[in-house]
Structure formats: structure tokens, C-alpha cells
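> Could you have a look at this structure, given as C-alpha cells, before my questions?
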Amino acid sequence: MASSIRVRAIANVEATEVQTLIQHPMDSGFVRDAKGEFIPAHFIQQLTFEHGGRKVFVADWGTAVSKDPYVKFSFKGANKGDDLKVSWIDNKAETDTATVKIQ
Amino acid sequence: MIIPDNGFPATRRLILRGAGSIALAGLGMISLSRAPALAAANDRYPEDAFKQKDGKEAVKLLYGRTAEPSDKIKLDAPEIAENGAVVPISVTTTLAEVTSVSFVVPENPNPLAAYYRIAPGTMPNIANRLKMAKTSNVIVIVEADGKLYSATKEVKVTVGGCGG
Amino acid sequence: MKFRMPRSLSPERVPASPKPATEVSVRSRIHFALAALAALALSTLQPAGAADTPDPAADAKAFRDYFVNKFPNVKLEDFVNGPYALDGDMRRQWEEKEQFPPYEFSLEMGKEMFAKPFNNGKRYADCFENQGIGIKQTYPYFDEREGKVVTLELALNRCREKNGEAVLSYVGDEMAALTAYMAFTSRGRPFAIKVPDDPRALEAYQNGKRYFYTRRGQLNFSCATCHVQNPGERMRAEVLAPALGILNAMPIYRSEWGGMGTISRRFTTCNSQIRGVPLEPQAEEYRDLEYYLSYVSNGLPIAGPGARP
Amino acid sequence: MTTTKPRAQMRISISWPVALLLVAGTASVRAAGSETDFRVAYAAAEAADQQASRLRNQWTVTAAALAEAKRAADKGDFDRATASAKEAEALAKASIFQATNEIDAWKQLEIR
């Protein structure tokens, strides 16, 4: 299976800009299916970005984050070629991790 | 697509729909305490805050205090969401020593949408995409130097985001 | 003279599940009455149209001129961006999303599907000119042997059948992903649809045009009602797209669908929104409609896959 | 191009008969309560819907009214079943009229 995580991390002069898109249904638990039953909540709860063994950004999400969630942030202190580790865990304890090179 | 009311009585809805400052005034008295906020102390997922059905209760659970409006926060959100399922919302701030940023949508069944922990060296500029069940204020809360600040903007939603 | 659609007339979103019949029944009566009243209020008697010999080149020019005159501030190639060409607030939301577009996953899936050999070892590439790369702008085309219009979706399924594979649903995610990838390889290339000198081709073109302008469904809307007469107007939250360039960004990721949809999916859902029973996907009418709409957008660049509300 | 105003810019036009038919469909139908009445009404509605199908112009609301008629009949509520069937027939006939009328009327909307 292809990774659920897409990351673009680009080192600029002052900071590294990180954009992430994750393939995930982010079911809120408030939507009914074709049979009228509620689709159980299924959503990413925590998304963590690590650089050099340090957590630079941690996203805690509820059910109101859109399907295939996206987040963008910037951080200082990284260089082109460094590794950036991205991992998530959802409310069903499913997880995924990807490590990308900063460009 | 049916969104249950989740116990939002009309009166409270009216209150929450008020202008940002009013809504935030409702969040309680401004605390002068500089103690670190509750949830920021560790990486534990603040499940209780996310499960809250009331925006101000969620903020209380998350931070143990309330926020004051700040013009040093720039909250960028559309006037009219093209679709409530995907509403691009971003924030930048000139406040120093930011340790967390959270987004609250009071009219959603679970108002707390996202809570971001900002490590030293990480910039308080965040963009994300949120679901909005209906027209609502979007409140961003920035925790900086132990204090809470906020900015608010109303986003009109005519095609709801199917929950969340 | 602008016709603003009364709220009550705006086509329903297609419900994810069939509504309970009682609700449909009550609602239908209400809408019915409103549609009738609106129709009465707006009715005028007009003589029937003029000459009947189709002239595709003249049509395309008139079509383009109409939209260019209606929206003098929109650049011609920007019409392919649909509502985003017409509404600034929506355009900003779209531009933000395009930074990391939601169709990325579908596009990637399409690329993998396209490259993966069939059980017999052949590939999609073997069915198409130039290995299927950069050819979307030539679809649909009129097949003079068959005497019919062939769309890309149809050609993809024929390719599968020829190689012993089961056909894909025309309204499903896989077909959307495949066409997304193929459109992506054609991005920026102008639509180059031909109507060959063949009376059958001209007839197919004319049938597509007729379908486009024919009112149908309980709401008594034609495609043109929304996309010629009212582009840029809001219908509920949506800003209606102009018909010029409307297929250039196909397939599209719609936030409303939470996923990618083909041209077939768009046509059939448009029909149900105006309370008409959709035809089967890739019915001759739909193929002809795609042919007509693509032809009159000749010269405008392929922009698919696209993102829409 | 400069001399003629594109037709599509003109007001939405619809012929009076279509409008009247649309109105006619809203009239409530007083139905007699027998199963025979229902069967007659249902058969007529189905036939009209089939004709609309041949004209490639069925309406979703016709199908919904037919389904509602069937459901009511299954419950033995033939008053309601007959009324729904008659509504379905009126809707189907309106769709037939629409399709027939549009054979020429569509040209009025064309951009020229």
C-alpha cells in the first residue's frame, strides 16, 4: 500500500515550510450512511512532526478536520537534506509514518 | 446527511453566534495566571476537550482559562465557505513565544476542531482545512507567553460540512 | 435581463440515501407548485428559432463570444476554472486548496492503474495513440467506422474489455482516477475536437447541442438554464460555472462528493438535481453532449483534474 | 454577432400549456377507496411513465410517487395509494408534454 502521507518540506532562507496531506476519511460520527445508520467516528487524533529527534509540531485533531486533512506550518533550524518524520495515530489506534527529506 | 442537534438549545446558539468579543467574554474571566496551560504540559491527546459540545467548556478544559481578543492575530477564513466540508482557515500572529494555537467552531457538534502545539523555533503560522456544519464564528486561540489571545471571524455556510 | 433562480427552485443536492417516500411526496408537491408558479410568472411566448443546418464553427464562435461579452474581465483561458474564474472569495479558497490539492491521491492512483499491466501483459498505453500520454484534448472524437462519438471513458473500458478485463463503473473512483491521470498529462493543451465532414458526425454534434438546450426534469431546467443563462449566480452556496470550458477541468474532485468524479458522474448528478431520471452513463445522448461541449470549448486548455466545491 | 442579441439572454420562456400542466399536477385528487381504482390508476401512471422513458425524459418525482402508491397499497390504504398513483400519472404526463414541447422549443435558448 502506498503511504497515506504526502509531505512537501522546503527549506527557505528563514524557515522550512511544511505542507502535509493525509489520506484519511476523518469520519465525524455525525453522518449517516445509505441505510440511515451513523457512520462511526474514524479520525486522526494526533499528527506529529519530528526533526532531529525533536517534536517540532504536534497537531491534535477532532472530528471537524476535513477529509484527507491538510496542514501547513513552518519551523526554523532545519537544513536541506535533513530528515523530517511524520506520523499519525487515529481513534482506532491505526497509525502511519513517513520520513521525508527536506528539499 | 443529518446532523443531530447535540443539545444546542436555541438560546445558547444565539449567544455563541454573537460577535467575537461577546462570545469570548462568555468564555469567562480573563485569567492573569502565567502557569502553563493544562494540556500543553504533555503530549496527551486532550480527548475531553474534543468531546465537549460547548465551545467555552472545551476551551476551559484545554487551557483552564479564557482568552482576550488580540489585534496581533490575523485569522484568514472565507466570507462564504464554498462547501462546509472543506473550509480553508489559516492564522498568523506577531505575538511572541507562542506555545499553542487552537481552532474552535462553536456551532459544530464538537466545537474544538484542532489544537496545535508549537515547539520553540516553530512559527505560529498555520493553515488547515476544517468542516463546518453551518454558519458560525471561527475562533482561533493563541497561547503566547502563558496568556491566551483570540481572534474571531464569521464564516457563512450554506452547504453544510456533514457533521464534525 | 437576469433571471435569478428562486431559492425554492434550486436543484436539490443528490441525497446520499433515498429519502423516505412520504417526505419526497410532500416535498415534490411543494416544489411542483413553486415550479409551476415560477413558470407562469416567467412565461413569455416566443417564436421558434431560425435556421436548422448546424454550423459547428459558427456555433463555437458565438458560444465563446457570448461568454467573453458576459464576463469581459475574465481571461479566455480562465473560463476552464469554472466558478473560480467568476468569484474572488471562492477563488482564494480554491487557490489555497491547490497548494496541496485534494485530488492528489486519486491522481496517483490513476497513474499506478494506468501503468499496471492487465493479466494478459498488455497495458492501457497499448490502446491509445502516443501511449495515452497527452491525448485528452482529442477526446471525445467521432469514430467514422462506428459512426458514433467515442469518449475517453468509453475508450478506457473498451480497452479493458479488449484485454479481457471487467469494465469499470463510469461513475466510480477508478474511472475517475484513470481519467484524472490522463487529463493531467494533457494539462495546458488546448481542446482540439474535430467534427469530420460526415453527416453522422454533424448529427451527433447537433444531438449534443439539442440535449444541452433541452429543458427536462420537474424543475424544467436545461443545462443552459444554469450554465449559459446564470453562470456566476449563486444557487445555494454554489456559484454556477460557465458552460464555456466546463469540461476542460474534468474529472473533478468535489468537496460535496468528498472525492473525484468523472464526466459521467457529473452529467448524471446534474440530471437528478433537476429531478430528472438520469440516463445510463455513456448513453449516446451523454456522449453527444460531451462532444458538443468539448467542441465549443476548442482552444481552451485542458486543466484536469480539477477541484470544485 | 453584433446585430442579434443572443437568445439565451432573453427571459426564460415556457409555453402556457406546460405551465398549466404543472399547476394541474398540484391539484389534490379525491380518490375512491377501492383496490380496483388503485390498479386502474397505477396502470395508467406506469404506462405514462413508460412513455416518458421512451422519450428519455422520466422525472424522479414520478418514480417516487409510484413507489409511494405501491407502499400505501401494500398497507391496504387504497385511498392514499390511488391518490399517489394519480399524482404519478399527472407528473408523468407533464414530463411527456415537456419532452414533446421541447422538440422545437429548445432552439429558443440557443446561443447564435
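The values are calculated or read from the model by the stated rules, or taken from the named source; none is laboratory data. This one's a predicted model, so the numbers in the text were calculated from it and none came from an experiment. For neighbour counting, all protein chains shown are included, and Cβ atoms are generated from backbone atoms with ideal geometry for every residue, glycine included. Accessible surface is based on the protein model in full, side chains and every heavy atom, while ligands, DNA and RNA are left aside. Shrake-Rupley method; radii C 1.70, N 1.55, O 1.52, S 1.80 Å.
> Got a number for carbon plus sulfur as a percent of the range C:56-308's accessible area, 1.4 Å probe?
Numbers: 4450 of 9040 Å².
The C+S portion of the solvent-accessible surface of the range C:56-308 is 49 percent.
> A follow-up question, please. Out of all DSSP beta bridges in the range C:56-308, what portion is antiparallel? Express it as a percent rounded to 5.
Values: 10 of 13 bridges.
If I count the DSSP bridges inside the range C:56-308, around 75 percent turn out antiparallel.
> If you don't mind, another one. Quick one: 3J(HN,Hα) in Hz for the range C:249-262, Karplus 6.51/-1.76/1.60 with θ = phi - 60°, rounded, Gly and Pro as x.
Calculated HN-Hα couplings, in order: 9, 6, x, 10, 8, 9, 4, 5, 7, x, x, 8, x, 7 Hz.
> Could you give the radius of gyration (one decimal) and Dmax (whole number) of the Cα atoms in the range C:135-280, in Å?
Reported Rg and Dmax, both Å: 16.0, 47.
> Among residues other than residue C:119 whose Cβ falls under 12 Å from its Cβ, what is the net charge (Lys/Arg +1, Asp/Glu -1)? If you can, show how the numbers build up before the last one.
Working: positive: C:116, C:122, C:123, C:160; negative: C:165.
Around residue C:119, the charge tally is +3.
> What aspartates and glutamates sit close enough to residue C:194 to cross-link, taking a C-alpha to C-alpha distance under 14 Å and skipping anything fewer than 8 places away on the same chain?
C:55, C:59, C:143, C:144, C:203, C:288, C:290
> Another question, then. Sort out for me the Cα centre separation of the range A:65-103 from the range C:155-202, rounded to whole Å.
Here the two parts' Cα centres lie 36 Å apart.
> OK, next. Distance cut-off 32 Å, Cα to Cα: go down the list A:101/B:72; C:136/D:93; A:67/B:53; A:92/B:72 and report the pairs above it. Spell out each step's value before the answer.
Values: A:101/B:72 34 Å; C:136/D:93 41 Å; A:67/B:53 21 Å; A:92/B:72 38 Å.
Going by Cα-Cα distance, A:101/B:72; C:136/D:93; A:92/B:72 fall outside the 32 Å limit.
> In whole Å, what is the distance between the alpha-carbon centres of the range A:1-29 and the range C:254-303?
32
> List the accessible area buried at the contact between D and C, summed over both sides and calculated with a 1.4 Å probe, in Å² to the nearest 100. If you can, show how the numbers build up before the last one.
Working: alone 7830 and 15980 Å², together 19060 Å².
By this definition, chains D and C bury close to 4800 Å².
> Filter the GluC sites (Glu not before Pro) in the range A:1-39 to those in DSSP coil with at most 12 other Cβ atoms within 10 Å of their Cβ, and list the result. Please report the intermediate quantities before stating the final value.
Working: sites: A:14, A:17, A:37; in loops: A:14, A:37.
In loop regions of the range A:1-39 (DSSP not H, G, I, E or B), the sparsely surrounded GluC sites (Glu not before Pro) are A:14, A:37.
> Can you give the local net charge around residue C:222? Use residues other than it whose beta-carbon is closer than 12 angstrom to its beta-carbon, Lys and Arg +1, Asp and Glu -1. Mind showing how you got there, number by number?
Details: positive: C:209, C:210, C:215, C:216, D:107; negative: D:102, D:110.
Taking every other residue near residue C:222 into account, the sum is +3.
> Where the centre of each part is set by its Cα atoms, how far does the range C:50-80 sit from the range C:114-133, in angstrom?
Value for the Cα centre distance between the two parts: 36 Å.
> Buried accessible area for the B:C pair, summed, 1.4 Å probe, in Å² rounded to 100? Numbers along the way, then the final one.
Values: alone 8590 and 15980 Å², together 23110 Å².
It comes to approximately 1500 Å² buried between B and C.
> Compute the Cα gyration tensor for the range B:62-101, then decide on rounded, prolate or oblate, letting a ≥ b ≥ c be the square roots of its eigenvalues: rounded whenever a/c is under 1.5, prolate when a/b is larger than b/c in the other cases, and oblate in all that remain. Can you show the working numbers first?
Details: a/c = 2.44, a/b = 1.79, b/c = 1.37.
Verdict is prolate for the range B:62-101.
> Amide H to amide H, which residues 5 or more places from residue A:65 or on other chains are under 5 Å from it, using H placed in the peptide plane?
Correct list: B:131.
> Counting residues in the range C:187-227 as N, plug N into 2.2 N^0.38 Å and put the Cα Rg over that result. Let's see the in-between values first.
Details: Rg = 13.9 Å, N = 41, 2.2 N^0.38 = 9.0 Å.
Computed over Cα atoms of the range C:187-227, the ratio equals 1.54.
> OK, next. In the range D:42-77, which residues give up 10 Å² or more of accessible area once the other protein chains are added, compared with their chain alone (1.4 Å probe)?
When all protein chains are present, D:56, D:57, D:58, D:59, D:60, D:61, D:64, D:68, D:71 each give up 10 Å² or more of accessible surface.
> Another question, then. What is the sum of charges around residue A:2, taking Lys and Arg as +1, Asp and Glu as -1, for the other residues whose C-beta is under 10 Å from the C-beta of residue A:2? Present the calculation step by step, with values, prior to reporting the outcome.
Working: positive: A:6; negative: C:108, C:112.
Here the count lands on -1.
> Using θ = phi - 60° and the Karplus curve 6.51 cos²θ - 1.76 cosθ + 1.60, what whole-Hz ³J(HN,Hα) does each residue of the range A:32-44 get, with Gly and Pro shown as x?
9, 8, 4, 8, x, 8, 5, 6, x, 4, 8, 8, 5
> Select from the range C:236-259 all residues whose loss of accessible area on going from the chain by itself to the full protein assembly reaches 40 Å² or more (probe 1.4 Å).
C:237, C:255
> Under a 5 Å amide H to amide H cut-off, with H placed in plane at 1.01 Å, what residues pair with residue C:252 once short-range neighbours are removed?
Under 5 Å from the amide H of residue C:252: C:261, C:306.
> Given the range C:163-309, what percent of its DSSP beta bridges are antiparallel, to the nearest 5?
On the way: 7 of 10 bridges.
If we restrict to bridges inside the range C:163-309, about 70 percent are antiparallel.
> For the pairing of chain A with chain B, what total accessible surface becomes buried, with a 1.4 angstrom probe, in square angstrom to the nearest 100? Mind dumping the intermediate values first?
Details: alone 6520 and 8590 Å², together 12310 Å².
The buried area between A and B, both sides summed, comes to about 2800 Å².
> How large, in Å, is the range C:56-308 by the Kirkwood hydrodynamic radius built from its alpha-carbon pairs? Before the final figure, lay out each step's value.
Numbers: mean 1/r = 0.0545 Å⁻¹.
When all Cα pairs of the range C:56-308 are included, the Kirkwood radius is 18.4 Å.
> Hey, another quick one. Using amide H atoms built in the peptide plane, which far-off residues or other-chain residues are under 5 Å from residue B:136 H to H?
B:155, B:157
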